1. Where is the GNM fluctuation largest for chain A (alpha-carbon springs, 10 angstrom cutoff): A:A366, A:A303, A:A383?
2. What is chain A by shape, rounded, prolate or oblate, if you read a ≥ b ≥ c off the alpha carbon gyration tensor as root eigenvalues and call it rounded for a/c under 1.5, prolate for a/b larger than b/c, and oblate otherwise?
3. In percent, what relative contact order does region B:25-104 have, based on Cα pairs under 8 Å that are 6 or more apart in sequence?
4. Using the Cα gyration tensor of region B:164-269, with a ≥ b ≥ c the square roots of its eigenvalues, what is the shape: rounded (a/c below 1.5), prolate (a/b larger than b/c) or oblate (neither)?
5. Amide H of A:F275: which non-local residues (sequence gap of 5 or more, or other chain) have their own amide H closer than 5 Å, using H built in the peptide plane?
6. With a ≥ b ≥ c the root eigenvalues of the C-alpha gyration tensor of the protein assembly as shown, is it rounded (a/c under 1.5), prolate (a/b larger than b/c) or oblate?
7. Where does helix B:254-265 land angle-wise versus the long Cα axis of chain B, in degrees 0 to 90, nearest 10?
8. As a footprinting exposure proxy, order A:H392, A:H163 by other Cβ within 10 Å, with the fewest listed first.
Amino acid sequence: MALTGRAGLLALIGVLVVGLLLPSWQGILLVLAVLLACVVLDLLLAAGVRRLTFTRAGATSVRTGEVCVVELTVHNPGRRLRGVLRDAWAPSAGVVSDRVPVEVPAGGSRTVSFELRPVRRGDRVSDRVTVRSLGPLGIAARQGSHVVPWTVRALPPFHSRRHLPPLLERLRELDGRRASLIRGAGTEFDSLRAYVIGDDVRSIDWRASARSSDVVVRTWRPERDRQVTIVLDTARTSAGRVHGALGGLPRLDTSMDAALLLSALASHARDQVDFLAFSHKVRASVPRATLPVLVQAMAPLEAELVEFDARGVVVEVLRRAGRRSLVVLLTSLEPSIEHGLLPLLPALASRHRLLIASVSDPAVHAMAAGRGDLESVYAAAAAERVLAERRHLTALLARHGVDVVDALPDDLPRALADRYLSLKAAGKL
Amino acid sequence: MTAVSPDAGRIWTAARGPLLIGVIILFTAVVITLLRGSGEGGSLDPRSFRPEGSHAVARLLEQNGVRVELTDNPSAVDGATLFVAQPNLIDPARLSDLSRRAAATVLLAPAGATAKAEVETRQPGCPLASKAGAATAGGFVYEGEQRCYDSTLVRTGTVTMIGHGGIFTNRSLDEEGNAALALSLLGQHERLVWYLPSAADRSQQKSLTDLIPDGWKFGAVQLGIAAVVIALWRARRLGRVVPEPLPVIVRAAETVEGRARLYRRSHASAHAASVLRQATRDRLTPLLGLPPGEDPSFEIARRTSRSVGDVRALLYSEEPVDDRGLVALADELDAVENEVRKA
């Protein structure tokens, strides 16, 4: 049951009646009785909400920040229903307006649609559907809730996809369609074709030219069908919020963006991508990942307040990757790596090539540049100490043959992709 | 970065305004109290020693065996003298009831005067006050059976009306025959009820609810009911509140900031200085094309106008620095780095 503003208005009119006409307790009782009678009458005549049935349709996944539509159909087996309907979602589902006026004829059904613009990645679950059915006088209403489950998966936004066209352009340059490229260690023979002006003379195949009437050049293509294993650290350090151009995002989200760009690029380069999310146990695992499967797998991942289990991840990678592969570990360069991951590197590095990508914090760099007063200088010293630790770690890892990409959140996806391309060009996969 | 707990300086800055206002209020109150002087009671108060008070006449009456009862709400007046200092403040019906029950009533400047009169020394001119003789009289002129002092003191039955209260005050009691007249008026019986009505006389007070018309009262009750109905309307939610499952997010730089505050609290200037020196060396060494860990002092001195010794002292000195020295050191390290980058 619910009252409406009209009930309040009626009670206010009662003030005039009591004040001017019937200034007595009897007057008050009379007004109260009239009010009560109207409320009871309205409640009796309002359509029931208990017997309503609901069905849903519409989007089940949407890229974070974009709009999708979820439809809700109300079936009314009873009297004509007039009132308000609220389809409740958590705030981060970004429902533009979750309450709508509804009017469902007796025995009929109506469909209302709600626009969702999720502001945060993850599964957004609908809460209850509540209907307030007004009586004919509009003084009181019956109200009830129904559970109509629906989940919209907000996918990672993949902001860095704008970097993809120039990266693909670079990939094509590596490809044999351009004979001007110098044959490198990481290329394999593709085909022979006629020389055109502009081709590198060093790529002319003299033997083949001798056999044919034209000058023939060899074309090369980069190595293919290599394996790239992307390991995403979802442990405590990935919960750190770092401010970039898109505002404060957890390291995890930036790492995901970088992983998505890398996997998009790798699949264009016809490499096989395996994805693994790991904290103290496997959170998600996608072998032979394609981009749509990958974003679905990433969407519900959240950072956990547990320590990253380096031994576990090494065992897991060694178990999965049968042949030599590029293992890209998206984590944070913290001193804990020195005790956790470093002793295990020989086992991993003997079979695979390891690349560590880390989101560095612009706030720390800003603090390191602070001067002027004592507080800033102490902050600068603390920041410099952290930066020195990172430099030390990078050097230590490099000594073990590990590549490190340590970049600001806005630059990391591009920097990681560039490093992948240069590794590919050098044939180090 | 900012410490949230306020220090002494901040507390003083925030509190000095209110504190100043408090001191001013206290000072003003003390000054006003001192200037107003001591002594309680107003005019014609038998407890008051002030010139316009009446302690003297009350004391005289007690010496003559009259019991003086000061009240602002008389009830038992039977057989007593009733002295009403301000009869105009009292409900007339109640006043006439009181004066009927009292053995004698003295009203000071009541309503119903026929004229005004100058306050001066007048002759009695009637048997009633002939013993007292000349006295300070005036104020108002009344009609009555016995008229004295040019009709400024009249008596009708047991009720005496007097135009001016000068004869009862400490100031004028010793003048002329004032004391005798006051004693003869107030000391007629063994008991004197000294009625000093206040503006908020309880006897004629009505409660606020008695004064409000019924329509307003019951209207207010109905208004309360309306407020409850409106509250019920507004309080009813359309479905429950949906909680937001929030992910774990912490500021990544929080630990660095915490460490900076620890440095500052423990005045770890020596440690901070060595970290800053190390950082500058680490940045300059690759810039100068030297292998990591190499001493860049010589190369720096070669490219700038500084001497090798100065640069080495700046980059490697182990001498302790104080807080101020640390700020200067940071600036100096920056200056060297900028010079090298420009060169």
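The numbers here are math on the coordinates, done by the rules we state, and not lab data. Model, not experiment: these values are computed from the prediction. Virtual Cβ from ideal backbone geometry, glycine too; neighbours counted across all protein chains shown.
1. A:A366
2. On the way: a/c = 3.36, a/b = 2.18, b/c = 1.55.
Here chain A falls in the prolate category.
3. Numbers: 62 pairs, mean separation 14.0, N = 80.
Relative contact order of region B:25-104: 18 percent.
4. oblate
5. The list, which skips near neighbours in sequence, is A:I230, A:V286, A:R288, A:A289.
6. Working: a/c = 5.27, a/b = 2.12, b/c = 2.49.
Taking the square roots of the gyration eigenvalues as a ≥ b ≥ c, the protein assembly as shown is oblate.
7. Value to nearest ten degrees: 80.
8. Neighbour counts put them in this order, fewest first: A:H392, A:H163.
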